[in-house]
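Engineer: If you scroll down you'll find the structure; I have some questions about it.
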Amino acid sequence: MKHLITTLFIFTLLTITQQAHAIPPAPVLATGQTLCYDATGAAIACADSGQDGESQAGLPWPTPRFVDNGDQTQTDKLTGLVWSKNANP
């Protein structure tokens with residue numbers, strides 16, 4: 001019984017600690033879709049379609065997307081990735 005109580009206490013403590021340090025979900029970026037289409041690919045009115053062109057939900061893409069860091073690297077502000085401008089450093 002003592003081991004069960006100890007185990008439950010540790011489990012509860014770990015669960016509380018994990019919840020306190022949980023990483024929030026990443027924000028969803030907008031798709032940029034402004035039109036809506038039917039199953040054959042023909043453009044349709046977006047009203048009540050439930051498609052991205054109707055809701056246009058999400059965060060806007062960064063402008064400009066790519067930034068020259070001035071140190072021979074470039075940053076993609078959408079993904080946060082940084083890479084060398086020299087393909088053969």
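Engineer: Any residue that is among the hydrophobic types (A, V, I, L, M, F, W, C) and modelled with pLDDT under 90 - is there at least one of those in region 45-54?
Structural biologist: At the first step, the residues of region 45-54 found to be among the hydrophobic types (A, V, I, L, M, F, W, C) are 45-47.
Applying the additional criterion that residues be modelled with pLDDT under 90 yields none.
No, region 45-54 contains no residue that is among the hydrophobic types (A, V, I, L, M, F, W, C) and modelled with pLDDT under 90.
Engineer: Of all residues in region 62-89, which are in a loop (DSSP other than H, G, I, E, B), under 27 Å from Thr31 (Cα atoms) and among the polar types (S, T, N, Q)? Even if it seems obvious, please write down each step before you answer.
Structural biologist: As a first pass, look at region 62-89 and keep what is in a loop (DSSP other than H, G, I, E, B): 62-65, 69-72, 77-81, 85-89.
This time we only want the ones that are under 27 Å from Thr31 (Cα atoms), so: 62-65, 69, 77-81.
Result: Thr63, Asn69, Thr79.
Engineer: Let me ask you something else. Identify the residue in region 30-89 that is more than 19 Å from the chain's Cα centre (by Cα) and acidic (Asp, Glu) and, among all such residues, is least open to solvent (accessible area, probe 1.4 Å).
Structural biologist: Checked region 30-89; the qualifying residue least open to solvent (accessible area, probe 1.4 Å) is Asp38.
The values are calculated or read from the model by the stated rules, or taken from the named source; none is laboratory data. Just so it is clear, the structure is predicted and the values come from calculations on it, not from any experiment. In case anyone asks, the SASA skips ligands and DNA or RNA and just uses the protein heavy atoms, side chains included. Shrake-Rupley method; radii C 1.70, N 1.55, O 1.52, S 1.80 Å.
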